[in-house]
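Peer 1: Below you will find the structure I want to go over with you.
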Amino acid sequence: MKNFKELLTDIRAFAFDVDGVLSDTVVPMFPNGEPMRTANIKDGYAIQLAVKLGYHIAIITGGSTEAVKVRFSTLGVQDIYMRQATKIGAYEEWKQKHNLSDNQILYMGDDMPDVPVLKRVGIAACPADACIDVREICQYISPYNGGHCCARDVIEQTLRAQGKWGTDHTW
C-alpha cells in the first residue's frame, strides 16, 4: 500500500469545499443576511498555478454566493458547483466530464456533507480544524486551518512530489 507522499504522484485533479476549507470557519454576515467569505491569497496562487499546469480543479460547495464564483473563476477554475447539499452527484459529474478515476483526485473537505466524497477519492484531505468525523477518515490532515493555506499545502505537496514546484515555469 502506498503512503501519502507516494499517493500524491497519482493526483491529476483537486476538488475543494469552500466554507471551512477555502474560507475561514467564521463567516461575517452582511445586514441583508448574505455571508461574506474570506479568501487566502496563497491558496489562490496555488490554485491558479495548478490550473496553468493542467490540473483539473473543482469547487463543490453548498453555498451560493456570487463572490465565490467570481473568485475562483478569476483563478481559472471552470468547474464550480454551487448549492450542492449532496456533493457526491457533482463530484461524479465532474469526474466523468474530465475522464478521471477516483485515485487521481484529492478532495479536501471539513464537515459531514463532504464525507461521501472523501470516502471515494484517492486522497481524502482536510484542514486541521475539520470536524472529528472527517479527520478520522482522511489520509491527510493539514496543519493549517480552513482558510489559512490548507489548499496551498496540499497543492504544493502534490506539485513537489511530481517535480513541478519551483521550476522555471512556476515563477
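Peer 1: Find all pairs meeting these conditions: Cβ atoms under 6 angstrom apart; at least six residues apart or on different chains; first residue within region 1-18 and over 19 Å from A130 (Cα atoms); second residue assigned to a strand (DSSP E or B).
Peer 2: Pairs found: L7/I123; I11/L106; A13/H56; A13/I105.
Peer 1: Still on this structure, I have one more. Taking the conditions exactly as written (hydrophobic (A, V, I, L, M, F, W, C), surrounded by fewer than 21 Cβ atoms within 10 Å (Cβ to Cβ), under 19 Å from T38 (Cβ atoms) and under 14 Å from the mean Cα position of the chain (by Cα)), does I80 satisfy them or not?
Peer 2: yes
Peer 1: So, one more: Does V117 qualify as being buried (at least 19 other Cβ atoms within 10 Å of the Cβ), modelled with pLDDT of 95 or more and in a loop (DSSP other than H, G, I, E, B)?
Peer 2: no
Peer 1: Looking at N32 and the list (1) over 30 Å from G163 (Cα atoms); (2) in contact with a Ser or Thr (Cβ under 9 Å, 6 or more places away or on another chain), which single condition is not satisfied?
Peer 2: Checking N32 against (1) over 30 Å from G163 (Cα atoms); (2) in contact with a Ser or Thr (Cβ under 9 Å, 6 or more places away or on another chain), the one that fails is (2).
Peer 1: Mind listing whichever residues of region 144-159 are part of a loop (DSSP other than H, G, I, E, B) and surrounded by fewer than 24 Cβ atoms within 10 Å (Cβ to Cβ)?
Peer 2: The initial filter retains those residues of region 144-159 that are part of a loop (DSSP other than H, G, I, E, B), namely 144-149.
Within region 144-159, Y144, N145, H148, C149 qualify.
Peer 1: Could you identify the single residue in V70, V26 that is of a type in the set (A, V, I, L, M), over 21 Å from D110 (Cβ atoms) and not in a strand (DSSP E or B)?
Peer 2: Of V70, V26, the one residue that is of a type in the set (A, V, I, L, M), over 21 Å from D110 (Cβ atoms) and not in a strand (DSSP E or B) is V70.
Peer 1: Just give me the residues in region 29-44 being loosely packed, with under 10 Cβ neighbours inside 10 Å and assigned to a helix (DSSP H, G or I), in sequence order.
Peer 2: Across region 29-44, the qualifying residue is only I41.
Peer 1: A further question follows. Scanning for something surrounded by fewer than 16 Cβ atoms within 10 Å (Cβ to Cβ), over 23 Å from T167 (Cα atoms), in contact with a Cys (Cβ under 9 Å, 6 or more places away or on another chain) and modelled with pLDDT of 90 or more, does region 53-72 turn up at least one residue?
Peer 2: So far as region 53-72 goes, no, none of its residues is surrounded by fewer than 16 Cβ atoms within 10 Å (Cβ to Cβ), over 23 Å from T167 (Cα atoms), in contact with a Cys (Cβ under 9 Å, 6 or more places away or on another chain) and modelled with pLDDT of 90 or more.
Peer 1: Let me ask another. For region 66-99, which residues satisfy the criterion of being hydroxyl-bearing (S, T, Y), touching a residue at least 24 places away in the same chain (Cβ under 8 Å) and either touching a strand residue (DSSP E or B) at 6+ places or on another chain (Cβ under 6 Å) or within 23 Å of T158 (Cα to Cα) (or both)?
Peer 2: Listed by number, the list holds a single entry, Y91.
Peer 1: Now for a separate question. Can you tell me how many residues within region 10-44 are charged (D, E, K, R), over 11 Å from the mean Cα position of the chain (by Cα) and modelled with pLDDT under 95?
Peer 2: If we filter region 10-44 for residues that are charged (D, E, K, R), which is where we start, we get 10, 12, 17, 19, 24, 34, 37, 42-43.
Keeping just the survivors that are over 11 Å from the mean Cα position of the chain (by Cα) gives 10, 12, 24, 34, 37, 42.
Add one more test, that the residue is modelled with pLDDT under 95, and what stays is 24, 34, 37.
Final tally of qualifying residues: 3.
Peer 1: Can you tell me which of (1) buried (at least 17 other Cβ atoms within 10 Å of the Cβ); (2) at negative phi is the one G20 doesn't meet?
Peer 2: Unmet for G20, out of (1) buried (at least 17 other Cβ atoms within 10 Å of the Cβ); (2) at negative phi: (2).
The values are calculated or read from the model by the stated rules, or taken from the named source; none is laboratory data. Just so you know, these numbers come straight off a predicted model, no measurement behind them. For neighbour counting, all protein chains shown are included, and Cβ atoms are generated from backbone atoms with ideal geometry for every residue, glycine included.
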